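Structure first, then comments.
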Amino acid sequence: MNANPWDPEARSLLSHVLLETGLNDQNIEVLREAETQAQRAVDLDPMTPHHWHHLGRVRLARRDPLGAFIALQRATELYPIKIEYRDDRDRVGAALARDKER
């Protein structure tokens, strides 16, 4: 990575690109790297809700709904008026509840 390794926005941007590539190609390794970069962005800047939201999306793509819910919940806590964050969290939470009932 040629970008500043301490810049959370660079890590997040790279993760966004990797997520799209991984989803298009169904490439597990690329999705794993997307999660690594998204987690690094959160680690570098834990108070920015869009980093948490993106981490949740990546974890969902990696078929980790519980991890996704946790990240989406944190995004919602940090920015409670953002409807998209609440809707995504609630959608994942409902799916987890359905799975638990089975």
Discussion item. Suppose only helical runs count, i.e. DSSP H with n ≥ 4. What mean residue ellipticity at 222 nm does that imply for the chain under -39500 (n - 2.57) per run, divided by all residues and rounded to the nearest 500 deg cm²/dmol?
Written reply: -26500 deg cm²/dmol
Fill in: Net charge contributed by nearby residues that have their C-beta within less than 13 Å of ASN27 (K/R +1, D/E -1)
-3
Fill in: Orientation-averaged projected area, Cα convex hull of the stretch 19-63 (nm²)
2.7
Item to complete: Would you mind working out the magnitude of the charge dipole of the chain relative to its Cα centre, with +1 at each Lys and Arg C-beta and -1 at each Asp and Glu C-beta, to the nearest 20 Debye?
Response: 380
Worksheet item: For the peptides 26-33, 89-96, what is the packing order when you average, over each peptide's residues, the other Cβ atoms within 10 Å and list the highest mean first?
Response: 89-96, 26-33
Worksheet item: What label, among (i) 6.5; (ii) 7.4; (iii) 6.1, belongs to mean projected area of the Cα convex hull in nm² computed from the structure on display?
Response: (i)
Worksheet item: How much FRET efficiency would the formula 1/(1 + (r/R0)^6) give for ASN27 and ILE83, where r is the Cβ-Cβ distance and R0 is 35 Å, rounded to 0.05?
Response: 0.65
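A short reminder: the numbers here are calculations on the coordinates, not readings from a lab. Given the structure is predicted, the values throughout are model-derived calculations rather than measurements. All Cβ positions, even for glycine, are placed from backbone atoms using ideal geometry, and neighbour counts span all protein chains on display.
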